[in-house]
Amino acid sequence: MSDPSGSEMNESVPQAPQPASRGRKRLVWAGVAVAILIVWAVWGRAGAPGRGATIPAAITLVTTDHDDLACASDKAVGPYQCEFRAPGTPWPNPPSPADRLAGYYTVDHKLYVIPGLFEQPLLAKRYADEEQRHIPRDQRPRFVATCQLKLVDHLKDFQTRWNKDGGWNHQDDAWVATPSDCRIQ
């Protein structure tokens, strides 16, 4: 349409949206990334079992672990403590076998510090059977014990020993967990 003066009328024509500036796009993507990280962090913590939880664990063992595995720490967790207060330095009053902590790995490589694992009936029987048959150390088969582990507390800044004649390895942190209902696979 034209007006009487002959010029076109200025009708309202929809304008194409202006592209967002690069700075604005970066800001939006940074906000999305931060939101994703927050959700991931909260969801990850909320989904992790905590103190008092009971979890299933498949622990990889050899019966020689009964005598080989040990830990060293000057801290106790309730009635539980390592056999050594420092590498090579036993406690003056050592813990009973049921309260003695040692490090064990699950089949998915998660470290737990467990008191009296070989006091569990099926594990005690397996150990006694192999000892009685005098199976040489290097011929004892590896096996998996599936146990219920009750998470007690964290043990931090401690040492583990994986062989009676071996060295000590520093560990930053692991759950102390009491075993029950262990079955051998």
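Yes or no: Trp91 buried (at least 16 other Cβ atoms within 10 Å of the Cβ) and either more than 25 Å from Arg51 (Cα to Cα) or in contact with an Asp or Glu (Cβ under 6 Å, 6 or more places away or on another chain) (or both)? The answer is yes for Trp91. If you go through region 58-91 and keep only what is closer than 27 Å to Arg137 by Cβ and among the β-branched types (Val, Ile, Thr), you end up with Ile59, Thr60, Val62, Thr63, Thr64, Thr89.
Counting only residues that are surrounded by 14 or more Cβ atoms within 10 Å (Cβ to Cβ), out of contact with any Asp or Glu (no Cβ under 9 Å at 6 or more places or on another chain) and not in a strand (DSSP E or B), region 97-109 holds 1 of them. Residue check: Lys164 meets all listed conditions (1) more than 17 Å from Ile59 (Cβ to Cβ); (2) basic (Lys, Arg); (3) over 20 Å from the mean Cα position of the chain (by Cα); (4) in a strand (DSSP E or B) but one, namely (4). Close Cβ contacts (under 9 Å, 6 or more residues apart or on different chains) running from residues in region 159-185 that are under 19 Å from Lys110 (Cβ atoms) and of a type in the set (Phe, Trp, Tyr) to residues that are modelled with pLDDT of 95 or more and assigned to a loop (DSSP other than H, G, I, E, B) comprise Trp162/Leu69; Trp175/Lys110. In region 116-134, the residues that are closer than 14 Å to Thr146 by Cβ form Cβ pairs under 8 Å with partners that are among the small types (Gly, Ala, Ser) and crowded, with 16+ Cβ neighbours inside 10 Å, at six or more places apart or across chains, as follows: Leu117/Ala102; Leu117/Ala145; Gln120/Ala145; Leu122/Ala145; Leu123/Ala145.
The values are calculated or read from the model by the stated rules, or taken from the named source; none is laboratory data. Just so it is clear, the structure is predicted and the values come from calculations on it, not from any experiment. Heads up, the Cβs are rebuilt from the backbone with ideal geometry, glycines too, and the neighbour counts pull from every protein chain shown.
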